[in-house]
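Structure first, commentary second.
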Ligand code: PGA
């Protein structure tokens, strides 16, 4: 694991964007695994800036998002489909046909999950997977558990995750309790992984990920076994390392 400690959220975001840019410059038709949440927002802003400056071209890039709430329509402002359009896709020249996000409104979740895995494989696998991390060490929506989920699957969200995400909803009752998420196995298959964390509330999760035992109780801890992981943290998230 390569750990980069950035001064603050802004510096973390710039470094992350530059790593993503290098990936696109080296392989213009690369496959990116993308994440939602507060953490990558400024990384996406920086990518939009660099796109507007003519530094990068997304026209051949394929993207796969990690997860989507189950039962939220795409036009719901809290859906991850909506988030990705608002925070990145509407501002760059990515081809709509090359954007992949699990369909949270599917009437056949088993088939949706199996097809998502197949699509990732057919695209040649993920070259660079961007990850945030939950306070409980989750990646994607892989919550602490007694086993590592191999594939895209339907998840029952943790109470802590529902509480953390309720800040975006009118009330905690409105937060979906289920989501479709790429599995730990799907994430581990990515050729490169870039995990970002900012703020003191992530310090324990980062400590457990980097220094703790590898356990499904801290899903991100399995990244210790991946051959190419870069973690960019700000000083607060790095405070226990
Ligand atoms: P956050 O979420 O970026 O909003 O903190 C990260 C996550 O839960 O994976």
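Obtain the nm distance between the two label points defined at residue 122 and residue 168 by a simple spin-label model: each point lies 7 Å from its Cα along the Cα-to-C-beta direction.
In this crude spin-label approximation the distance works out to 2.8 nm.
Mind giving me the nanometre distance, one decimal, between the label points for residue 38 and residue 96, set 7 Å out from Cα along Cα→Cβ?
For the pair residue 38/residue 96, the computed spacing is 3.3 nm.
Where in segment 35-59 is the amide nitrogen less than 17 Å from a point lying 7 Å along the Cα-to-Cβ axis of residue 76?
Zone members listed by number: 36-37.
Roughly what % antiparallel, to the nearest 5, for the DSSP beta bridges in segment 2-234? Mind dumping the intermediate values first?
On the way: 9 of 31 bridges.
Of all bridge pairs located within segment 2-234, approximately 30 percent are antiparallel.
What FRET efficiency do you get for residue 240 and residue 19 if R0 is 41 Å and r is their Cβ-Cβ distance, rounded to the nearest 0.05? Please report the intermediate quantities before stating the final value.
Details: r = 24 Å, r/R0 = 0.58.
Calculated transfer efficiency: 0.95.
For the chain, modelled as a GNM with alpha-carbon contacts under 10 angstrom, which of 84, 12, 105 fluctuates the most?
Largest GNM mean-square fluctuation: 105.
Given N residues in segment 2-234, what is its alpha carbon radius of gyration divided by 2.2 N^0.38 Å?
Details: Rg = 16.4 Å, N = 233, 2.2 N^0.38 = 17.5 Å.
My calculation over the Cα atoms of segment 2-234 gives 0.94.
With the crude spin-label approximation of a point 7 Å out along Cα→Cβ, what separation in nm comes out for residue 211 versus residue 225?
2.3
Quick one: 135, 2, fewest Cβ neighbours within 10 Å first, how do they rank?
Details: 135 17, 2 9.
The order, fewest Cβ neighbours first, is 2, 135.
Which value in deg cm²/dmol, rounded to the nearest 500, describes the helix-derived mean residue ellipticity at 222 nm for the chain, given -39,500 (n - 2.57) per DSSP H run of n ≥ 4 and division by the residue count? It would help to have the intermediate numbers written out before the result.
On the way: 7 runs with 73 residues, N = 241.
So the helix-based figure for the chain works out to -9000 deg cm²/dmol.
I'd like the distance separating the alpha-carbon centroids of segment 1-69 and segment 191-241, in whole Å.
Each part's Cα centre sits 18 Å from the other's.
Every number here is computed from the coordinates shown, using simple stated rules; none is lab data. Computed from a predicted structure; not experimentally measured. Note: ideal-geometry Cβ built from the backbone for every residue, glycine included; neighbour counts use all protein chains shown.
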